[in-house]
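Each remark here refers to the structure printed beneath this line.
The values are calculated or read from the model by the stated rules, or taken from the named source; none is laboratory data. Since the structure is predicted, the reported quantities are computational estimates derived from the model, not experimental observations. Counting neighbours? That spans all protein chains shown, and the Cβs are built from the backbone with ideal geometry, glycine included.
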């Protein structure tokens, strides 16, 4: 898997309306980006994307959204409805997206 393409896809989709996340790769890349934007540590790997999304929302529930960019990524993530497995490779993508988010 080429990690940067998935992170780039999320970045590009923040610029458009009606450009949903289409894979667990993009969903986990989005979560890696968001954890970094919020200044949180890399999350623990869970079995399913829905579990990772739930943990993210619990981690940021009491925090203000730090930017419009973060708000757009959250919106994209919330609209992702598939419940896919988080494979080791997808989790590595999440960590890559976290490390590469500035």
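What number of residues in the stretch 80-92 are modelled with pLDDT of 95 or more and loosely packed, with under 13 Cβ neighbours inside 10 Å?
Going through the stretch 80-92 one residue at a time, the tally reaches 3.
Inspect the stretch 4-23 for any residue being within 15 Å of residue 85 (Cβ to Cβ), in contact with a helix residue (DSSP H, G or I) (Cβ under 8 Å, 6 or more places away or on another chain), free of Cβ contacts under 8 Å to residues at least 60 places away in the same chain and assigned to a helix (DSSP H, G or I) and give the result as yes or no.
no
Given 17, 26, 11, which one is under 11 Å from the mean Cα position of the chain (by Cα) and over 18 Å from residue 89 (Cα atoms)?
11
Can you tell me which residue in the stretch 38-74 is nearest to the chain's Cα centre (by Cα), limited to those that are exposed (fewer than 13 other Cβ atoms within 10 Å of the Cβ) and closer than 18 Å to residue 13 by Cβ?
71
Among the candidates 72, 36, 45, which residue alone is part of a helix (DSSP H, G or I) and in contact with a helix residue (DSSP H, G or I) (Cβ under 8 Å, 6 or more places away or on another chain)?
Within the list 72, 36, 45, the selection yields 36.
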